[in-house]
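Notes follow once the structure below has been shown.
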Amino acid sequence: MLINAHYLDENALTNYIAAIEGGLRDSGTSRTTGAQGLGGSVGHSNVAKVEAQKGNETENTLHMKDHQASRLQRLIKAAHTDPEGTAWIQTSQPDVDFPEAGIGAFIEWECDVYIPEAIATMSQNKEMSSMLQTIKGFSTTAETLGFDTKGMPDESKIDAMGSFVSQLDVAPVVIGEDSNTDWKIVGSLDKQWISPTASFDGPARIIGKIKKAIKQGHWYPLFSLPGMNILGREEKRRQERNGPKNNEDKDKFVSGPLLVVDFLAIYN
């Protein structure tokens with residue numbers, strides 16, 4: 001299987017493959033040899049043609065450096081070979097496998113993935129800052145030209161909003177789900193391991209290491225995930241205990257049953 005990774009935590013992968021293989025492959029060498037024939041002919045009229053063949057040995061050497069895509073394929077192969085030893089669950093029946101999955105186990109699941117709208121908006125702080133600067137420039141120009149700017153925020157408010165947005169540190173969050181089950185998977189991503197061409201909207205295969213299980217009827221706050229530096233520890237705990245305050249607050253939570261994971265890979 002050829003893997004196109006939208007997300008691949010290379011640090012975690014390096015640790016896992018080193019543990020399985022007893023170290024890391026630095027480089028490899030591949031050699032091929034073969035015989036090459038050299039043919040020719042001599043002849044005259046009324047004389048039979050004569051051909052000669054000479055053997056010539058050749059050798060080609062190819063030096064290869066280990067790559068993360070190859071490491072991921074070897075990890076998956078090793079896990080499929082020894083699922084018990086690697087605590088690896090390759091599932092097509094989440095209703096059966098997820099309730100029994102233990103903390104620290106790996107889940108490999110083909111599902112639909114997406115980024116919640118609230119998180120997608122807040123994680124695009126650079127775009128939001130740029131938009132606010134555009135609004136500020138337009139407001140200043142409109143006022144200079146004598147246009148009616150009533151109802152538009154003044155510069156101080158725009159600057160305050162820009163300062164708030166620039167300090168937002170929101171990690172992208174991916175949810176995996178399938179129409180055949182109520183179970184979901186949720187986890188945050190480290191931005192440095194996201195592919196420039198990544199798309200988290202549609203079918204994908206995910207691999208994640210289980211951190212927590214949330215039961216049916218319970219809620220998990222999205223801002224409690226790693227990489228979220230918005231809420232304090234006490235507020236995160238309060239939200240985990242109490243869930244959303246009202247319907248408008250529900251977009252900041254994800255409902256159980258679900259598994260909270262550290263994503264290792266999301267790929268096609």
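FYI, it's all coordinate maths here, none of it is from the lab. It should be emphasised that the depicted structure is a prediction, and the values quoted were computed from it without experimental measurement. Neighbour counts run over all protein chains shown; Cβ positions are idealised from the backbone, glycine included.
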How would you rank 191, 211, 184, going from fewest to most other Cβ atoms within 10 Å of each one's own Cβ?
191, 211, 184
Efficiency of FRET from Cβ geometry, residue 70 and residue 246, R₀ 51 Å, rounded to 0.05
0.55
Between residue 90 and residue 180, the FRET efficiency computed from the C-beta separation at R0 = 25 Å comes out, to the nearest 0.05, as 0.90
Counting Lys and Arg as +1 and Asp and Glu as -1, each charge on the Cβ, what is the dipole of the stretch 194-268 about the Cα centre in debye, to the nearest 20?
360 debye
I want to check the label-to-label distance for residue 12 and residue 234. Put each point 7 Å from Cα in the C-beta direction and report it in nm to one decimal.
3.1 nm
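Give me the extension gain from residue 21 to residue 117: residue separation times 0.36 nm, minus the current Cα-Cα distance, reported in nm with one decimal.
Value of the extension gain: 30.5 nm.
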Sorted from fewest to most neighbouring beta carbons within 10 Å, what does the list 199, 179, 224 look like?
179, 199, 224
For a quick check: with amide H placed at 1.01 Å from N, whose amide H comes under 5 Å from residue 105's, ignoring anything fewer than 5 positions away on the same chain?
210
Given charges of +1 on the Cβ of Lys and Arg and -1 on the Cβ of Asp and Glu, with all other atoms neutral, how large is the dipole of the stretch 175-224 about its Cα centre, in debye to the nearest 20?
280 debye
Too long at a 18 Å Cα-Cα cut-off: which of 184/212; 184/252; 212/250; 184/215; 212/236; 184/209?
212/250
Estimated FRET transfer efficiency when R0 is 25 angstrom, pair residue 110-residue 192 (beta carbons, to 0.05):
0.50
Check residue 184: other-chain or 5+ apart residues with amide H under 5 Å from its amide H, H built from backbone geometry?
258, 259
